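Worksheet: the structure to be examined is printed underneath.
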């Protein structure tokens, strides 16, 4: 693997981590699992992480076929996906979940504890439009070997997500609300830059004269 290729995979790992934003998920997971035993919290963390992994693997494997079926070009999808990431980043800069991740109805449902946690915590709060579009875009650059490496990157990010959810109680106490919000804002700033670059690449593909 060349240095340039390694940089692209590293960029995807950083981007997907910022999109998933496990720091944003920690307080939600703590509130959702407050009445569960330690074993119950561990099972929920595994279920959430596995769901996120399977959704993103599906996006990596079947994303190209979905774009072809819809007749959507990769350049157009980059612009749309970049816009989604930019809107998410603006919410993160305000330390907010944002409507793209979770609607008011979904938030109310989650607070009422009428759900098992996988929905809507795993989908769409974590593996939502931003994470799915990011994975589809990243998987379009090569063949089966490339997709395999993208899946491995997804697994690495999900391992980080699982570790943070498994330690959510400890992380929540140590970092507090202010610390978690600061981390989310930093990831939001990073995501904003990535979103603008993604949109710029898409616009160049749609309008070659801009290059």
Efficiency by 1/(1 + (r/R0)^6): what FRET value for residue 100 and residue 167, r their Cβ-Cβ distance, R0 = 30 Å, to the nearest 0.05? 0.65
Shape call for the range 58-108 from the C-alpha gyration tensor, a ≥ b ≥ c root eigenvalues: rounded (a/c under 1.5), prolate (a/b greater than b/c) or oblate? prolate
Solution diffusion estimate, µm²/s, Stokes-Einstein, the range 1-96, Kirkwood Rh from C-alpha pairs, 37 °C, viscosity 0.692 mPa s: 203 µm²/s
Ranking of 185, 41, 78, 174 by count of other Cβ atoms within 10 Å, fewest first: 174, 185, 41, 78
Percentage of Cα-Cα pair distances in the range 118-182 greater than 12 Å, rounded to whole percent? 76 percent
Crossing angle, helix 22-32 versus the chain [Cα axis fit, 0-90 degrees, rounded to tens]: 30 degrees
Give me the one-decimal nm value for the distance between modelled label points at residue 182 and residue 200, 7 Å along each residue's Cα-to-Cβ direction. 3.0 nm
Using the count of nearby Cβ atoms within 10 Å as a rough guide to exposure, how do 92, 164, 1 rank from fewest to most? 1, 164, 92
Measure of compaction for the chain (Cα Rg per 2.2 N^0.38 Å): 1.02
Spin-label pair residue 73/residue 93, simplified geometry with 7 Å Cα→Cβ offset, distance in nm: 2.9 nm
How much length would be gained if the chain were fully extended between residue 36 and residue 83, taking 0.36 nm per residue of separation minus their Cα-Cα distance, in nm to one decimal? 13.2 nm
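No value in this document is a laboratory result; all are computed from the given coordinates. Bear in mind the structure is a predicted one, so any value in this text is a computation, not a measurement. Ideal geometry is used to build each Cβ from the backbone, glycine not excepted, and the neighbour counts take in all protein chains shown.
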